[in-house]
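Below: the structure, in structure tokens.
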Amino acid sequence: MIKSSQQASRITCHYALHALVCFGLVLPACCQQPFQTLLVGVDHRSVTSLDGDWHYLVDQSPGRALYKANGEINDSSYALNSHPNIVGEHNEEYDFSTAPTLKVPGDWNTQVPQLFNYEGVVWYQRDFNADSKPGTRTFLHIGAANYRSHVWVNQKRVCDHEGGYTPFDCEVTDVIHNGSNFVVIAVDATRLVDGIPSVGFDWFNYGGLTRDVFLVNVPAAFIDDYDVHLAHGPRFDPENTEVTGYVHVLGAPPGVSVTVDIPEAGARVTAKTGADGNAPFSVKASKLTLWSPDSPKLYNVILTSGDDKLTDNIGFRDVRVDGTRILLNGKAIFLQGVNMHAENPIRGGRTSSDEDVATTFSYLKDMNANFVRLAHYPHDERMERTADRQGIMIWSEIPNWQHISFDKPEVYAKAVVMLKEMIRRDRNKASVILWSVSNETPNNPTRTRFLTGLANQARALDQTRLITSAILGPKPNGLERVVDDPLCNALDVIGQNEYVGWYESKPEDADNITWKFPQKPVLMSEFGAEAKFGNHGAINQRWTEEQQVNVFQHQFVMFNKIPQLRGTIPWVLTDFRSPTRNIPKLQDGYNRKGLISERGEKKQAFRLFQKAYEDHTIGKAE
Ligand code: GCU
């Protein structure tokens with residue numbers, strides 16, 4: 001794609017706008033565009049779903065319908081949704097009304113065989129009816145669109161977004177009318193060197209409107225953001241039943257009342273908005289059952305302000321680090337986890353439905369896991385909602401995967417927006433205990449500065465969770481592995497990736513390897529080996545299930561010698577599609593490190609973890 005200075009300035013302006021708007025600060029003149037934000041708890045509002053069949057048109061590279069020659073966005077092509085004069089004077093050469101359809105939510109790759117490997121621009125269009133009461137505001141909510149998207153309603157551009165895994169909301173109040181309207185969205189899945197992730201990543205680049213799309217109608221002044229959590233003092237106090245946080249009412253003048261009501265906990269408080277529309281609050285609950293995997297207690301939390309009311313289901317828990325221990329509600333815990341991608345086992349394609357998520361959780365429960373790392377990007381919000389209900393703890397991450405343009409300020413700005421979007425969407429999810437800023441990035445000062453900045457941003461945004469990152473293994477020094485990556489200084493918990501027995505060394509070498517870590521809790525955030533389901537052979541025969549089990553068994557020996565190990569997260573729950581995995585008959589486009597095949601078949605290694613996690617034979621909580 002041609003990138004002009006004007007477009008570069010527009011994108012930076014967009015991020016500046018986005019960052020500024022998201023956090024209610026003044027708008028620089030250059031950015032006078034429709035309002036764009038991220039509505040918290042939107043899945044708990046009554047909405048008009050726009051999921052279903054959308055017409056689509058493919059705009060092959062260079063995407064001449066979307067990008068003008070100077071790289072600017074073309075507002076007067078397909079966005080106009082006009083129709084060709086089949087007879088008479090020549091006009092347009094496109095027509096959504098007779099075009100085929102794609103299901104939303106969903107990636108286009110697994111819906112249309114010709115688009116399986118397509119990474120470019122696809123235009124989506126559908127009509128919709130609006131019925132909004134006068135004086136109210138209406139937003140178009142997009143759960144996620146991979147990778148860059150531009151949105152028009154009734155021919156007016158209402159927002160642009162970059163990032164394939166976080167939601168955004170575009171105001172359409174001034175461009176819709178009651179009755180029939182139409183929306184056109186151009187989604188460009190082209191990888192960008194300055195993208196997050198960048199161009200070479202080990203998962204399938206599913207394109208499209210991959211998560212729910214709906215219309216949200218709210219009062220003129222409404223609750224767009226809130227934070228409701230157990231007060232987090234310097235030490236955990238089991239008697240502590242103070243619930244605190246804030247409620248932000250967008251469009252509210254100072255002095256507007258906001259009520260936070262948690263009937264079952266006997267907590268109710270009214271607070272007032274300040275000049276910035278924010279109403280901080282604190283209230284003692286008469287009784288509070290803390291959330292944990294054994295008792296994933298959620299409370300109805302009713303937020304009201306003026307004509308607006310929203311009820312969320314929130315759990316209250318305290319997670320913190322104490323030396324090399326991770327404490328949940330004051331008790332040391334060991335995270336029995338697994339990594340996973342947001343790819344539906346069996347059906348394939350991006351996870352996007354309750355059924356998809358239910359399948360995944362059945363695997364997690366069957367495996368006796370109490371924790372899951374959502375690699376390497378924020379997953380569908382259904383994952384966090386289900387984890388909240390089922391008591392599974394979560395590691396959530398933004399896709400700073402391996403090589404990112406760490407030297408570019410505009411890339412840092414993108415990362416900050418993605419971090420803020422991730423935290424804003426899930427800050428009220430008790431299941432989320434860790435925010436991760438990256439995975440396997442090269443250890444150099446520019447990268448460390450970039451990621452340390454992000455870690456500090458995350459800590460400033462959320463003091464109630466732990467900050468982590470998955471780091472690369474240190475250069476082997478004989479049988480000793482000394483972890484001295486300076487990024488660890490910025491982390492509360494260290495995630496260590498290593499592939500002893502697969503990418504390096506022999507499986508049995510792990511028995512004699514020792515690790516030296518900084519005095520912080522450590523999670524083995526990736527380890528494993530490839531095996532094709534049904535491929536059997538000797539324990540040292542690579543690609544067999546027996547060899548995969550053998551690699552893991554030697555890992556356990558190594559792990560049980562690491563005093564500050566507080567969790568294990570094998571790579572990976574299920575085999576997943578990756579364009580870099582091309583050994584015919586063994587990989588066929590799949591990374592085969594799954595404990596389960598892409599058809600849901602459980603390999604021997606799944607049983608190994610099922611037993612080890614049941615018997616708690618790996619590692620110790622303290
Ligand atoms: C890396 C990386 C994963 C990748 C895995 C593998 O560690 O973080 O994204 O899929 O190794 O090579 O299988």
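The values are calculated or read from the model by the stated rules, or taken from the named source; none is laboratory data. Nothing here was measured: the structure is a model prediction, and the numbers come from that model. Backbone-built Cβ (ideal geometry, glycine too); neighbour counts: all protein chains shown. In case anyone asks, the SASA skips ligands and DNA or RNA and just uses the protein heavy atoms, side chains included. Shrake-Rupley method; radii C 1.70, N 1.55, O 1.52, S 1.80 Å.
Over 20 Å between Cα atoms: which of 297/520; 506/561; 297/331; 133/309 fall into that group?
Details: 297/520 29 Å; 506/561 18 Å; 297/331 17 Å; 133/309 16 Å.
With Cα atoms farther than 20 Å apart: 297/520.
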Exercise. Using +1 at the Cβ of each Lys and Arg and -1 at the Cβ of each Asp and Glu in the chain, identify which of 473, 105, 144 lies farthest towards the dipole's positive end.
Key: 473
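Per residue, how many Å² of accessible area does the chain show with a 1.4 Å probe? List each step's numbers first, then the result.
Numbers: 22790 Å² over 622 residues.
Value for the chain: 37 Å² per residue.
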Quiz item: Which value, in debye to the nearest 20, gives the size of the charge dipole of the chain about its Cα centre, when Lys and Arg are +1 and Asp and Glu are -1 at the Cβ?
Solution: 1160
Practice problem: Choose one of 256, 209, 300: the residue whose Cα lies farthest towards the positive end of the charge dipole of the range 209-317 (beta-carbon charges +1 Lys, Arg; -1 Asp, Glu; about the Cα centre). | Solution: 300
Quiz item: Cross-link partners among lysines for residue 408, C-alpha distance below 22 Å, same-chain residues fewer than 8 apart left out?
Solution: 3, 420
Self-check item: 536, 232, reordered so the largest accessible area comes first (probe 1.4 Å)
Solution: 536, 232
Quiz prompt | the range 598-611 - phi-based ³J(HN,Hα) in whole Hz, Karplus 6.51/-1.76/1.60, Gly and Pro as x | solution = 6, 10, x, 7, 7, 7, 4, 4, 4, 5, 4, 6, 3, 6
Practice problem: Report the charge-dipole magnitude of the range 231-286 in Debye, nearest 20, computed about the Cα centre from +1 at each Lys and Arg Cβ and -1 at each Asp and Glu Cβ. | Solution: 140
Self-check item: Inter-part distance where the range 112-179 and the range 71-102 are each reduced to a Cα centre, Å
Solution: 18
Exercise. Could you please report the charge total around residue 226, scoring K, R as +1 and D, E as -1 over all other residues with beta-carbon less than 9 angstrom from its beta-carbon?
Key: -3
Quiz item: Counting only the heavy atoms of the protein chains, how much of residue 237 is accessible to a 1.4 Å probe, in Å² to the nearest 10?
Solution: 70
Quiz item: Using a probe of 1.4 angstrom, how much of the accessible area of the range 337-429 is carbon and sulfur, in percent?
Solution: 52
Exercise. Place the peptides 538-548, 326-336 in order of packing, highest mean first, counting for every residue the other Cβ atoms within 10 Å and averaging per peptide.
Key: 326-336, 538-548
Quiz prompt | Apportionment of accessible area to carbon and sulfur, the range 452-550, percent (1.4 Å) | solution = 54
Exercise. Starting from the residue with the highest accessible area, list 46, 292 in decreasing order, probe 1.4 Å.
Key: 46, 292
